[in-house]
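Before any comments, here is the structure.
The values are calculated or read from the model by the stated rules, or taken from the named source; none is laboratory data. Computed from a predicted structure; not experimentally measured. Because the Cβ atoms are built from the backbone with ideal geometry, glycine has one as well, and the counts that use them run over all protein chains shown.
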Amino acid sequence: YAYGSVFNLFPGCVQLNHCAGKPTIFNYNNEAKIKMKVLVSFIVYGVLPFLATAFNSLSRVPSLTRMAVTGGDVESTAISAFEQKKAALKSCLKREYTTFFQPFESKYYVNNVKFIDPLNELEGTQSYQNNVDLLGGRTPLGSLIFKDASIVLHSVEDTGTYSLRSRWTLRVCFKALPWAPVARFTGVSDYTIDEDARVVEQRDYWDSINLKDG
């Protein structure tokens, strides 16, 4: 019978009417009652707390998993935000080259940005803007020396997480000279950027210079 083991624990119990379809009736003596109390106490104060502790431990596992997933999501979101800013910088460079920095979008550059080419070494967004305005003939001195400045952008590529390279051809006319020669420079610009995808440094390298009469 299914209850055989229980009655073995309590030999003082008397089982009556244990037959088909009829309820089982127990008669406990004092010894059986004591053993029953011990068993109940063991279950209430021993087994149940153990099961509760085990259940709580298991229930924390999904939380830890969620924390790990959440941490990964935060990191992924940060990377995604940086890549979006980097893409925005590339779009900015394309606009600036097309319009010859009119306007110069200074928000994509740190305030103390460095510009270095074979002839110049400048620092600061204002110095950067003055330089491109000079070449573009948009300053009093520039309007006397240069005209028809333009840049053809051939490509902008990633060279690292925090670096870009553009390839371009610069054309400018030296109108201050009687024969108004037109200079064409081909070269690359290497950009170093920060964690907000702003330009920290720009280094220009010239591949060749062709000088023709205007």
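Are there any pairs with C-beta distances below 9 angstrom linking a residue in segment 94-123 that is on the phi > 0 side of the Ramachandran plot and in the same structural domain as T192 (by TED's automatic domain parsing) to a residue that is among the aliphatic types (A, V, I, L, M) and assigned to a helix (DSSP H, G or I), with the two at least 6 apart or on different chains, and if so which?
F100/V132; F100/L135; F101/V132; F101/L135
Where in segment 115-214 are there strands (runs of 3 or more DSSP E), lying fully within it, with 1 or more residues that are closer than 22 Å to A87 by Cα?
The strands (runs of 3 or more DSSP E) meeting that bar are 146-160, 163-174, 182-193, 199-212.
Looking only at segment 88-103, which residues are more than 13 Å from V199 (Cα to Cα) and hydrophobic (A, V, I, L, M, F, W, C)?
F100, F101
Six or more apart or on different chains, Cβ atoms under 8 Å: show the pairs whose first residue is in segment 77-88 and assigned by TED's automatic domain parsing to the domain that holds I193 and at negative phi and whose second is part of a helix (DSSP H, G or I) and not β-branched (V, I, T).
Qualifying pairs under 8 Å: A88/Y108.
Which one is farthest from T98 (Cα to Cα), of the residues in segment 159-169 that are surrounded by 12 or more Cβ atoms within 10 Å (Cβ to Cβ) and free of Cβ contacts under 8 Å to residues at least 24 places away in the same chain?
So, considering only residues that are surrounded by 12 or more Cβ atoms within 10 Å (Cβ to Cβ) and free of Cβ contacts under 8 Å to residues at least 24 places away in the same chain, the one farthest from T98 (Cα to Cα) is R167.
Restricting segment 180-196 to residues that are under 12 Å from L170 (Cα atoms) and among the β-branched types (V, I, T), which is surrounded by the fewest Cβ atoms within 10 Å (Cβ to Cβ)?
Per the stated criteria, the residue is T186.
Taking L93 as the residue in question, decide whether it is assigned to a helix (DSSP H, G or I) and modelled with pLDDT of 95 or more.
For L93, the condition - assigned to a helix (DSSP H, G or I) and modelled with pLDDT of 95 or more - is met.
Take I151 and tell me if it is farther than 20 Å from D133 by Cβ, in the same structural domain as E96 (by TED's automatic domain parsing) and in contact with a helix residue (DSSP H, G or I) (Cβ under 8 Å, 6 or more places away or on another chain).
Answer is no for this residue.
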